[in-house]
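Readers should treat all values here as calculations from the given coordinates under stated rules, not as data from a laboratory. These figures come from a predicted structure and were not determined experimentally. With ideal geometry, Cβ positions are generated from the backbone for all residues, glycine too; neighbour counts draw on all protein chains shown.
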Amino acid sequence: MQQIIYLAGGCFWGVQGYFDRLNGAIESQVGYANSEVEFPTYEQVCSGTTGAVETLKFMFDEAKLTLDEVLARFFSIIDPFALNYQGNDRGTQYRSGIYAQDSQMLERIQQFVKSYQQKLPNKIVTEVGILKNFYPAESYHQKYLAKNPYGYCHIDLSAALRPL
């Protein structure tokens, strides 16, 4: 069954590069989620005035890649304790978040995060909620690391090819 989830984990280039490599990935697009401004530009998002977060819209085949696997992999590439940053990227647009389009998926995400939290010493600050909106990023951001393999990335993309 085809599912869509929205994942924010710092710079969206690396998040997309990582998830695109997974068996079960169908399609992905980077953009800006939960913006207070319609159709924000990259410059506006970077200013910190839009409330938007750099996010990956990820479509996957749950018969090949379960939601729990997606979430476990997401937590393996982010720092869930980092508030408003990941790697060298600083600002509210780089906060971590997991967003669902419906309450059924949101409940499944919340259950996973609650269980995951029990294994950790510190409080997870990753946002979890219903997606308010999503605006695709400019075309030069789409599949950026595929087009620019030596571009900046705080994520080890080769980890997508290894088991968790």
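General observations
- Rounded to the nearest 20, the Cβ-based charge dipole of the stretch 2-161 about its Cα centre (Lys and Arg +1, Asp and Glu -1) stands at 320 debye.
- The stretch 38-82 versus the stretch 116-157: alpha-carbon centroid distance in Å: 4
- In order along the stretch 68-77, the phi-based Karplus estimate (6.51 cos²θ - 1.76 cosθ + 1.60, θ = phi - 60°) of 3J(HN,Hα) comes to 4, 5, 4, 5, 4, 5, 4, 5, 6, 10 Hz; Gly and Pro are listed as x.
- Globularity index of the chain, i.e. its alpha-carbon radius of gyration over 2.2 N^0.38 Å: 0.96
- Sites LEU164 and ARG90 - FRET efficiency at Förster radius 22 Å, r taken between beta-carbons, to 0.05: 0.20
- A dipole drawn for the stretch 40-164 from +1 and -1 charges on Cβ atoms has a positive end, and of TYR140, ALA159, GLY51 the residue lying farthest that way is ALA159.
- Estimated purely from DSSP H runs of n ≥ 4, each contributing -39500 (n - 2.57), the mean residue ellipticity at 222 nm for the chain is -7500 deg cm²/dmol once divided by its residues.
- Model label sites at LEU67 and GLN118, defined 7 Å from Cα along the beta-carbon direction, differ in position by 1.8 nm.
- Pairs from LYS57/LYS132; LYS57/LYS123; LYS57/LYS147 whose Cα-Cα separation, in the structure shown, is over 22 Å: LYS57/LYS123
- Our coupling estimate for the stretch 124-141, obtained by passing each phi through the Karplus curve with A = 6.51, B = -1.76, C = 1.60 and θ = phi - 60°, is 5, 10, 4, 5, 9, x, 7, 5, 8, 6, 8, 10, x, 6, 4, 4, 5, 7 Hz, Gly and Pro reported as x.
- Once the Cα-Cα distance is subtracted from the 0.36 nm per residue extended length, the GLU38 to GLN104 segment shows a gain of 21.1 nm.
- Spin-label pair GLN2-ASP156: with each label point 7 Å from Cα along the Cα-Cβ axis, the two points sit 3.4 nm from one another.
- In terms of surrounding Cβ atoms within a 10 Å radius of their Cβ, ILE26, ILE5, ILE98 rank from fewest to most as ILE26, ILE5, ILE98.
- DSSP loop trypsin sites (Lys or Arg not before Pro) with at most 16 other Cβ within 10 Å: longest gap in the chain: 65-118
- Whole-Hz couplings from phi, Karplus 6.51/-1.76/1.60, listed for the stretch 155-162; x for Gly and Pro: 10, 7, 5, 5, 5, 5, 8, 9
- For ALA100, the amide hydrogen comes within under 5 Å of the amide hydrogens of GLY129, ILE130, LEU131, counting only partners 5 or more places away or on other chains and with H modelled in the peptide plane.
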